[in-house]
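Working notes, structure below.
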Amino acid sequence: MAKENENKKQTDSFFEIIKEAKRARMAYEAKMAALRDEKTRLVEAKEEGKMEGIEIGMRKGTINVAKNLISLGADMSMIIKATGLNEDEIRKIKEEIENFKH
């Protein structure tokens, strides 16, 4: 009888260890999934930032081309065609150039 109780305790202990290992494994897998999700979010945010930077750079380049064309005396229609900017945007750039000169 004592031997049976000892065997039962060992068996129960063994199964408790297995249960604990399963819980630890589940916690580990949940943590790893969270880390993968975080990494994915960071990579996506970085890519979004790069694209935004490229767009800003392209916009600045277009404005610089418009400024150069304005300083060369190009007419409005040529500047519109060359840059893709609209007339209001070009007028604003012309005003900025004029204000900077004074």
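Going 7 Å from the Cα of E96 along its beta-carbon direction, which residues of the stretch 42-76 have the amide nitrogen within less than 14 Å of the resulting point? Of the residues in the stretch 42-76, 56-71 have backbone N under 14 Å from the label point off E96. Rolling a 1.4 Å probe across all protein chains gives T62 an accessible area of roughly 40 Å².
Please tell me the relative contact order of the chain in percent, rounded to the nearest whole number, where contacts are Cα pairs under 8 Å and at least six residues apart. Taking the mean separation of contacting Cα pairs over the length of the chain, I get 17 percent. Its convex hull of Cα atoms gives the chain a direction-averaged projected area, equal to a quarter of the hull surface, of 11.0 nm².
Can you work out the PRE-style zone for T62? Point 7 Å along Cα to Cβ, and I want the residues of the stretch 77-91 with backbone N under 14 Å. From the stretch 77-91, the list is 79-91.
A straight Cα-to-Cα reach below 23 Å connects K67 with the lysines K81, K92, K94, K101, residues fewer than 8 places away in its own chain not being considered.
Treating r as the C-beta distance of N5 and R25 and R0 as 30 Å, the FRET efficiency rounds to 0.50. Within straight-line reach of K46, meaning a Cα separation under 30 Å, sit the following lysines at least 8 residues removed in sequence or on another chain: K31, K60.
In this label model, D75 and D88 are separated by 2.4 nm, measuring between points 7 Å along each Cα→Cβ vector. Based on alpha carbons, the Rg and Dmax found for the stretch 13-72 are 25.9, 88 Å.
The values are calculated or read from the model by the stated rules, or taken from the named source; none is laboratory data. Since we're looking at a predicted model, the values are computed, not measured. Please note: Cβ atoms are built from the backbone with ideal geometry, for glycine as well, and neighbour counts cover all protein chains shown. The protein model used for the area step is the full one, side chains on, heavy atoms only, and it has no ligands, DNA or RNA in it. Shrake-Rupley method; radii C 1.70, N 1.55, O 1.52, S 1.80 Å.
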